[in-house]
Amino acid sequence: MSAKKGLHLTLKIWRQKNTKTKGQFETYKISDVSTDSSFLEMLDILNENLINDGKEPIAFDHDCREGICGMCSLYINGRAHGPDTGITTCQLHMRMFKDGETIVIEPWRSAAFPVIKDLMVDRSAFDRVMAAGGFISVNTSGNTLDANAIPVPKEDADKAMDAAACIGCGACVATCKNGSAMLFVGAKVSQYALLPQGRVEATRRVLNMVKAMDDEGFGNCSNTGACEVECPKGISLENIARMNREYMAAYADRG
Ligand code: SF4
Ligand code: FES
């Protein structure tokens with residue numbers, strides 16, 4: 001059996017000490033990368049090599065490595081989450097790259113997501129937008145109702161589930177020329193607005209979440225659709241339209 005030949009790659013990686021310092025690209029070579037390994041495993045190997053050479057490893061975010069947590073926020077060769085669609089960086093495989101290729105790796109670029117170090121950005125702006133209204137405040141502990149006690153049309157339940165698939169990764173913001181978070185906020189507003197349990201606070205929710213989004217410095221949507229293309233969870237622009245309708249109705253009703 002012949003040994004599999006791995007990839008020999010040149011990596012141009014953004015290095016930045018902290019939020020206050022200026023960053024720059026640094027070039028690294030890596031050899032014999034298995035095409036079966038994931039992109040993050042490739043970075044793990046690079047970091048092991050750097051540590052063995054007495055150099056500082058590259059800081060990057062990750063947690064689940066299963067496409068669930070939304071942490072692995074890398075901009076690869078000019079695309080959020082790299083050269084594949086419908087996946088996060090942790091689901092990206094090295095078979096998507098060619099032997100001898102140069103790969104450019106950057107952090108998310110958005111004023112609302114400041115760089116913490118190297119490839120890690122601070123996405124706590126999303127947490128603050130969620131804290132402004134991305135929840136229902138009814139107490140659901142104890143006396144749990146049967147799931148069918150409140151009838152929900154199948155089409156609404158499906159749309160709410162589709163919106164709830166958003167993992168808060170921030171690829172929509174990173175890929176938008178305006179740094180808009182409207183796909184994310186639209187998904188979160190829709191997830192609740194489509195269900196009876198979420199309607200109770202819908203007016204307050206959309207007003208507060210849109211205000212928080214603006215306060216965090218995210219830009220506005222200009223309907224280029226780039227966010228939808230790069231979203232790993234297939235969140236539809238339809239959710240932005242629904243958020244806008246919810247917002248207009250809530251604004252008119254605000255009293
Ligand atoms: S809408 Fe898509 S791209 Fe934006 S945060 Fe949610 S999952 Fe990520
Ligand atoms: S590490 Fe959790 S989605 Fe990639």
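The values are calculated or read from the model by the stated rules, or taken from the named source; none is laboratory data. Computed from a predicted structure; not experimentally measured. Counting neighbours? That spans all protein chains shown, and the Cβs are built from the backbone with ideal geometry, glycine included. Quick note on the areas: whole protein, heavy atoms, side chains included, nothing else; ligands and nucleic acids left out. Shrake-Rupley method; radii C 1.70, N 1.55, O 1.52, S 1.80 Å.
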| task | Looking only at region 185-192, decide whether some residue is modelled with pLDDT of 95 or more, among the aromatic types (Phe, Trp, Tyr) and in contact with a Lys or Arg (Cβ under 9 Å, 6 or more places away or on another chain). | result | yes
| query | Is there any pair linking a residue in region 52-73 that is farther than 11 Å from residue 89 by Cα and within 14 Å of ligand 1 (Cβ to nearest atom) to one that is of a type outside the set (D, E, K, R) and open to solvent by less than 60 Å² (accessible area, probe 1.4 Å), with Cβ under 6 Å and at least six apart or on different chains, and which? | reply | none
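Rundown of residues vs (1) surrounded by fewer than 11 Cβ atoms within 10 Å (Cβ to Cβ); (2) within 21 Å of the chain's Cα centre (by Cα), yes/no style:
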| position | (1), (2) |
| --- | --- |
| 21 | no, no |
| 26 | no, no |
| 35 | no, no |
| 53 | yes, no |
| 71 | no, yes |
| 76 | no, yes |
| 85 | no, yes |
| 88 | no, yes |
| 93 | no, yes |
| said: Just to be sure before I move on: is residue 82 assigned to a loop (DSSP other than H, G, I, E, B) and more than 15 Å from residue 14 (Cβ to Cβ) in the structure I sent? | reply: no
| Selection from region 1-19 of residues that are surrounded by 16 or more Cβ atoms within 10 Å (Cβ to Cβ) and either in a loop (DSSP other than H, G, I, E, B) or of a type in the set (Asp, Glu) (or both) | 6, 16
| request: Select from region 35-79 the residues that are among the charged types (D, E, K, R) and under 20 Å from residue 168 (Cα atoms) and write down the one among them that is farthest from ligand 2 (Cβ to nearest atom). | output: 79
| task | Look through 121, 129, 115 and report the one residue that is in contact with a Lys or Arg (Cβ under 8 Å, 6 or more places away or on another chain) and within 21 Å of residue 70 (Cα to Cα). | result | 129
| Could you count how many residues in region 135-186 are within 16 Å of ligand 2 (Cβ to nearest atom) and surrounded by fewer than 10 Cβ atoms within 10 Å (Cβ to Cβ)? | 0
| field | Filtered residues of region 203-243 (kept if more than 19 Å from the chain's Cα centre (by Cα) and open to solvent by 70 Å² or more (accessible area, probe 1.4 Å)) | value | 204, 211, 215
| request: Determine, yes or no, whether residue 85 is more than 28 Å from residue 214 (Cα to Cα) and within 16 Å of ligand 1 (Cβ to nearest atom). | output: yes
| Across region 110-134, what is the number of residues that are within 13 Å of residue 217 (Cβ to Cβ), touching a residue at least 24 places away in the same chain (Cβ under 8 Å) and surrounded by fewer than 20 Cβ atoms within 10 Å (Cβ to Cβ)? | 4
| remark: Residues in region 80-105 that are among the hydroxyl-bearing types (Ser, Thr, Tyr), in contact with a strand residue (DSSP E or B) (Cβ under 8 Å, 6 or more places away or on another chain) and more than 12 Å from ligand 2 (Cβ to nearest atom) total 1
| query | Quick check: anything in region 41-64 on the phi > 0 side of the Ramachandran plot, out of contact with any Phe, Trp or Tyr (no Cβ under 9 Å at 6 or more places or on another chain) and charged (D, E, K, R)? | reply | no
| query | In region 230-239, which residues are within 20 Å of residue 179 (Cβ to Cβ) and either touching a strand residue (DSSP E or B) at 6+ places or on another chain (Cβ under 9 Å) or within 16 Å of ligand 2 (Cβ to nearest atom) (or both)? | reply | 230, 231, 232, 233, 235
